[in-house]
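Undergrad: This is the structure I want to talk about, given as structure tokens.
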Amino acid sequence: MTTFVDRVELHVAAGNGGHGCASVHREKFKPLGGPDGGNGGRGGDVILVVDQSVTTLLDYHHSPHRKATNGKPGEGGNRSGKDGGDLVLPVPDGTVVLDKKGEVLADLVGEGTTFVASQGGRGGLGNAALASARRKAPGFALLGEPGDSGDVVLELKTVADVALVGFPSAGKSSLISVLSAAKPKIADYPFTTLVPNLGVVTAGSTVYTIADVPGLIPGASQGKGLGLEFLRHVERCSVLVHVLDTATLESDRDPLSDLDQIEAELAEYGGLEDRPRLVVLNKVDIPDGKDLADIIRPELESRGYQIFEVSAVSRLGLKELSFALAGIVAEARAAKPKEEATRVVIRPKAVDDAGFTVVPDEDGIFRVRGEKPERWVRQTDFNNDEAVGYLADRLNRLGVEDALLKAGARAGDGVAIGSDEDSVVFDWEPTLAAGAEMLGRRGEDHRMEEPRPAAQRRRDRADSRDDADQEFDEFKPF
């Protein structure tokens, strides 16, 4: 059974916002007491958080679909709906979040580091919140906004200071077992180590972590063996330690060729050129191993490597190795820039920035893109004429109609609001005429020739009273 997983594809979906409520307050002797519909609750977020007690992505390998709860709809009596609960997913330290294209979205390092993988939808406003001086009793409410959903890839990169690399059966697991309290599986056959093992080493006042990476073979950077799957675990290390087997029983192998092949794979993988290297000649407690170590040592020193002859069985040279690694780790930590508290930079949008664009496409449809128009469309109930009219008023106040006129749109042209995959398309009918064709001679406006309905009714009532008074005067006795 698989007990270690370091790469998973996670399907996340945030909660939807609750719908607003359209309600009118009613009580005895007060049948129309005004709108009292509450707002819908916010949908829950999907949040990734680093937890030091989690060491694998195994849970998400078995259950890759995760969804937060939806917000509750609003109710009458100005009662707002309950917000949806956030779904918090613990991940190991060193988890990298990528999108489906392989672009890094977040690098989660450090206890408590969080990343919102999916944002919950906003709750819709109730008709009480939509009431205004012009619209005193709205007969509609806004719909809740759908939550974000999508796929993210989680990759675990081990957070360790030292990485042991080498061929299978070079003695890496034995070495980490005697340097630290780690208890990896040790056997006399290749690929005993199938997952990275971590151990904590104390050398003087320096405490550092050491990782035993599964054995590499030629072609590991292209996916052969277990190399490609676990090479990512050496990316965060401050120092690389080549563990060379000086007592190998394979006739076609020798420590120098092993070193060259491992270095070639690391170069092919990339990004590790600046890491300092140490060379450990292991198994020198065996006579043949000691003889071979003496033969190849001058060649390794000529290449600039720092050499340590050790034996995991007799523990020869382990103290010198651990303190040398502690010195390199301490230097790397001192050279690392200090992390400062994240500064919150607020960049307000310009006052005259409408926040949308109007672009005609090849089909002759004018496509409106922008955060506000798209959100308003998602929250509109198109089965309610009053809600559609409210949407038209908001778009007009935002300046969408003026932008359409400038882009060359005419009455009857198709207008789409939203993305190419999910948009609302309608035939545009301007709410206001352009103005030039409505004007006559200078100083005249034919819109004023016909009286307004209310004014006309007042005139009609005044005329009727005048006629009644005139008839009364005709029959009044002298």
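Undergrad: Just a yes or no: is a residue in region 148-161 of a type in the set (Val, Ile, Thr) and modelled with pLDDT of 85 or more?
TA: Looking for residues that are of a type in the set (Val, Ile, Thr) and modelled with pLDDT of 85 or more, one finds at least one in region 148-161, hence yes.
Undergrad: Something else about it: Among the residues of region 335-370, write down those that are farther than 21 Å from Gly418 by Cα and modelled with pLDDT of 85 or more.
TA: none
Undergrad: So Ser173 passes all but one of these: (1) without any contact (Cβ under 8 Å) to a residue 60 or more places away in the chain; (2) open to solvent by 30 Å² or more (accessible area, probe 1.4 Å); (3) not in a loop (DSSP other than H, G, I, E, B). Which condition number does it fail?
TA: If we test Ser173 against (1) without any contact (Cβ under 8 Å) to a residue 60 or more places away in the chain; (2) open to solvent by 30 Å² or more (accessible area, probe 1.4 Å); (3) not in a loop (DSSP other than H, G, I, E, B), just (2) comes out false.
Undergrad: Taking the condition within 21 Å of Leu154 (Cα to Cα), out of contact with any strand residue (DSSP E or B) (no Cβ under 6 Å at 6 or more places or on another chain) and surrounded by fewer than 21 Cβ atoms within 10 Å (Cβ to Cβ), does Val49 pass?
TA: Taking the combined requirement at face value, the residue does not satisfy it.
Undergrad: If I ask for residues that are surrounded by 15 or more Cβ atoms within 10 Å (Cβ to Cβ) and among the charged types (D, E, K, R), which ones from region 83-106 would you list?
TA: Passing the criteria: Asp83, Asp86, Asp93.
Undergrad: Would you point out the residue of region 26-67, among those that are of a type in the set (A, V, I, L, M) and not in a strand (DSSP E or B), that is modelled with the lowest pLDDT?
TA: Leu32
Undergrad: Now for a different question. If I ask for residues that are more than 24 Å from Asn70 (Cβ to Cβ) and either touching a strand residue (DSSP E or B) at 6+ places or on another chain (Cβ under 8 Å) or among the aromatic types (Phe, Trp, Tyr) (or both), which ones from region 106-132 would you list?
TA: Matches in region 106-132: Ala106, Asp107, Leu108, Val109, Gly110, Glu111, Gly112, Thr113, Ala131.
Undergrad: State which residue is nearest to His19 (Cα to Cα) when the search covers only region 117-166 and only residues that are open to solvent by 20 Å² or more (accessible area, probe 1.4 Å) and in a strand (DSSP E or B).
TA: Of everything passing the filter in region 117-166, Ser149 is nearest to His19 (Cα to Cα).
Undergrad: Another question, if that's okay. What pairs come up if the first residue lies in region 357-385 and is on the phi < 0 side of the Ramachandran plot and surrounded by fewer than 19 Cβ atoms within 10 Å (Cβ to Cβ), the second is of a type in the set (S, T, N, Q) and not in a loop (DSSP other than H, G, I, E, B), and their beta carbons are under 6 Å apart, counting only those six or more places apart or on different chains?
TA: Going by the 6 Å Cβ cut-off, the qualifying pairs are Arg369/Thr357.
Undergrad: In addition: Among the residues of region 37-89, count how many are farther than 20 Å from Gln379 by Cβ and in contact with a His (Cβ under 6 Å, 6 or more places away or on another chain).
TA: Qualifying residue count for the region: 2.
Undergrad: Still on this model: Among all residue pairs at least 6 apart or on different chains, which show Cβ distances below 6 Å where the first residue, located in region 151-170, is of a type in the set (S, T, N, Q) and the second is open to solvent by 10 Å² or more (accessible area, probe 1.4 Å)?
TA: Within 6 Å, the pairs are Thr158/Pro196; Ser169/Pro190.
Undergrad: Would you check if Ser23 is under 28 Å from Arg135 (Cα atoms) and more than 21 Å from the chain's Cα centre (by Cα)?
TA: So Ser23 fits the description; yes.
The values are calculated or read from the model by the stated rules, or taken from the named source; none is laboratory data. The structure presented is a predicted model; accordingly, all values stated were derived computationally and were not measured. Neighbour counts are summed over all protein chains in view; Cβ atoms, including those assigned to glycine, are modelled from backbone coordinates with ideal geometry. Accessible surface is based on the protein model in full, side chains and every heavy atom, while ligands, DNA and RNA are left aside. Shrake-Rupley method; radii C 1.70, N 1.55, O 1.52, S 1.80 Å.
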